[in-house]
1. Hand me the list of helices (runs of 4 or more DSSP H) wholly inside segment A:1-90 holding 1 or more residues that are within 13 Å of another protein chain (Cβ to nearest Cβ) and among the polar types (S, T, N, Q).
2. Just name the residue that is most open to solvent (accessible area, probe 1.4 Å) out of those in segment A:229-269 that are over 30 Å from A:GLY199 (Cβ atoms) and hydrophobic (A, V, I, L, M, F, W, C).
3. Can you name every residue in segment B:278-304 that is closer than 17 Å to B:SER268 by Cα and of a type in the set (A, V, I, L, M)?
4. Out of segment A:270-304, which residues are part of a loop (DSSP other than H, G, I, E, B) and either among the hydrophobic types (A, V, I, L, M, F, W, C) or open to solvent by less than 50 Å² (accessible area, probe 1.4 Å) (or both)?
5. Please verify whether segment A:141-159 includes one or more residues that are within 14 Å of chain B (Cβ to nearest Cβ) and open to solvent by less than 50 Å² (accessible area, probe 1.4 Å).
6. Can you pull out the residues in segment B:106-130 that are aliphatic (A, V, I, L, M) and under 19 Å from the mean Cα position of the chain (by Cα)?
7. Just to verify a result, which residue in segment B:167-186, among those that are surrounded by 12 or more Cβ atoms within 10 Å (Cβ to Cβ) and in a helix (DSSP H, G or I), is nearest to the chain's Cα centre (by Cα)?
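The values are calculated or read from the model by the stated rules, or taken from the named source; none is laboratory data. Computed from a prediction, not measured in an experiment: that's the story for all the values here. Cβ coordinates were reconstructed from backbone atoms using ideal geometry, including for glycine residues, and neighbour counts include every protein chain displayed. Side chains included, ligands, DNA and RNA excluded: accessible areas come from the protein's heavy atoms. Shrake-Rupley method; radii C 1.70, N 1.55, O 1.52, S 1.80 Å.
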Number of protein chains: 2
Amino acid sequence: MLDLCTLGTGGALPLPDRGLSSLYVRLQGRALLIDCGENTQTAIRRIGWGFRHIEGLLLTHYHADHCGGLPGFLLSLAKSGRKEPFHIYGCTGLKHVVDGLRVVAPQLPYPVELHEFHEDLYEFDIIGLQVTAFRLNHSVPCYGYRFVLPRPRAFDPQKARELGVPQNQWGLLQQGDDVVQADGSIIKAQQVLGPERPGLSFVYATDTRPVDIIPVMGENTDMMFLEGMYGNDEKLHQAHTNRHMLFREAADLAKRANTRQLVLTHFSNCIDVPAEYLPEATAIFPNTVAAEDLMTFRIAWPGR
Amino acid sequence: MLDLCTLGTGGALPLPDRGLSSLYVRLQGRALLIDCGENTQTAIRRIGWGFRHIEGLLLTHYHADHCGGLPGFLLSLAKSGRKEPFHIYGCTGLKHVVDGLRVVAPQLPYPVELHEFHEDLYEFDIIGLQVTAFRLNHSVPCYGYRFVLPRPRAFDPQKARELGVPQNQWGLLQQGDDVVQADGSIIKAQQVLGPERPGLSFVYATDTRPVDIIPVMGENTDMMFLEGMYGNDEKLHQAHTNRHMLFREAADLAKRANTRQLVLTHFSNCIDVPAEYLPEATAIFPNTVAAEDLMTFRIAWPGR
């Protein structure tokens, strides 16, 4: 199962109790971050989920509220004893930005590997998750991310027994490999595996006007983290000008995606209490939460 | 009078309630910062002293815990409506560092003027303060700063009356200018001004081994902010290796300087409660305070 923590839920400018953008994603002892705004290293200490096993950082874009905490985070990661490579993913300009920010963190005890992509859609794997970066519509190039934790097809032990497969070959079948029996006959994995099952999935997309790719990527996901930069239509003009979304626009995307839960984050500092605007979203998509810093979310397999 | 606020008192790594290095200096509606570690913009919001009138930043050196908050601070300053130039002072490498960090804050509505110095001693004026930057002994080039707010000599109105100076000329004399009387005689400012008086003064010096320039600069000052990176002699080896000071070493410098008050700051994250180590310092220099984030200090003219 996936554990997620909104390390910082502020957009543009922080407030005393609202740090800048970062989401901590944890899966079976492995972890990654999405964005690394100022205050990220402090928030990680506060939640106590640790630095050492964070393998990578996925940047949405290069505004300071999304990457200003990078030098400090890299130094905290160094202090944690990490020696293995640390991977940073981001769109065009990644090397320029990381090189710039690392002027105050030039020496690290681990290699930093940059993965700079340029496509509108870019797929990769990290910490066992299948990730798709997808282009959004902001004032600078900006990407959202979809994450899928694949779920293996169910193995039917009774069927395997009926087919006479020795138990020491079950593991191969479970992995999807076919096996050859003592009599030369072949048992196909297909014969003992159930139908395809959806994995666990979530989407993270902030700093954008509503675009069709968001509900496409969010289709039937367990959770969507979308920006709630502005509370209601009083800020519609600003939302258009600064390429951000209102609560209701995010809710509409969640509804179109048929996701299970919407988490709003990345609030303008002009919003004191995001929950006060929540009805703007729940009128359209009832299962909506307004995140706070250090709120945790769990996405688990059905029935567990 | 001078108002000072320790915006962040952490060294190297922040703790949940201890931000990284920054001191806010306020004088008659004008202000400057010394260092700008991560969390500085949040701390300024918390203390409520404002951004708009901060005219400059004095950097001690280019480790991330002293300048990692620069991009976010510059953006908060932009949001405050500042249009006037903002001045950044620092030693060799300043342009390289500011250019690097500004990769995520490239566009600002005010000019940023860099003042890069290379001398062991460098003097300049800002917000009405006479400043001397002085070279310390750290693992990279690092400077302390001495600040003096000059105090005008006292004007003796009785003497001026006796000399027959019309009251509309008193202002000139107070400024130190001589004045010519109706009969052609000259009244010298010297005749109506009292003796030279010391100004208000303080020193800020962190990230260094003890060096003789510190008590020289701190001589008879009102206040010295010195690092208390390590609490006691258990960390002496680390203090030597990392070029930092123990509480007792800072206290010894304060005693040698004959300052009025010592404020310890820049605590290692291995120190949970700095005040617990305070006896290490007060045994040598009794008037010592262990700073906390957002503690404020006032340096006022005698008798006010």
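1. A:40-47, A:70-79
2. Ranking the candidates gives A:LEU236 first.
3. B:LEU278, B:ALA281, B:VAL289, B:ALA290, B:ALA291, listed by residue number.
4. Answer for segment A:270-304, where residues must be part of a loop (DSSP other than H, G, I, E, B) and either among the hydrophobic types (A, V, I, L, M, F, W, C) or open to solvent by less than 50 Å² (accessible area, probe 1.4 Å) (or both): A:CYS270, A:ILE271, A:VAL273, A:ALA283, A:ILE284, A:PHE285, A:ALA291, A:ASP293, A:LEU294, A:ALA300, A:TRP301.
5. yes
6. B:LEU114, B:LEU121, B:ILE126, B:ILE127, B:LEU129
7. B:GLN174
Yes/no per residue for (1) in contact with an Asp or Glu (Cβ under 7 Å, 6 or more places away or on another chain); (2) modelled with pLDDT of 95 or more; (3) among the hydrophobic types (A, V, I, L, M, F, W, C):
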{"position": "B:ASN168", "(1), (2), (3)": "no, no, no"}
{"position": "B:VAL179", "(1), (2), (3)": "no, no, yes"}
{"position": "B:GLN190", "(1), (2), (3)": "no, no, no"}
{"position": "B:GLU196", "(1), (2), (3)": "no, no, no"}
{"position": "B:GLY218", "(1), (2), (3)": "no, yes, no"}
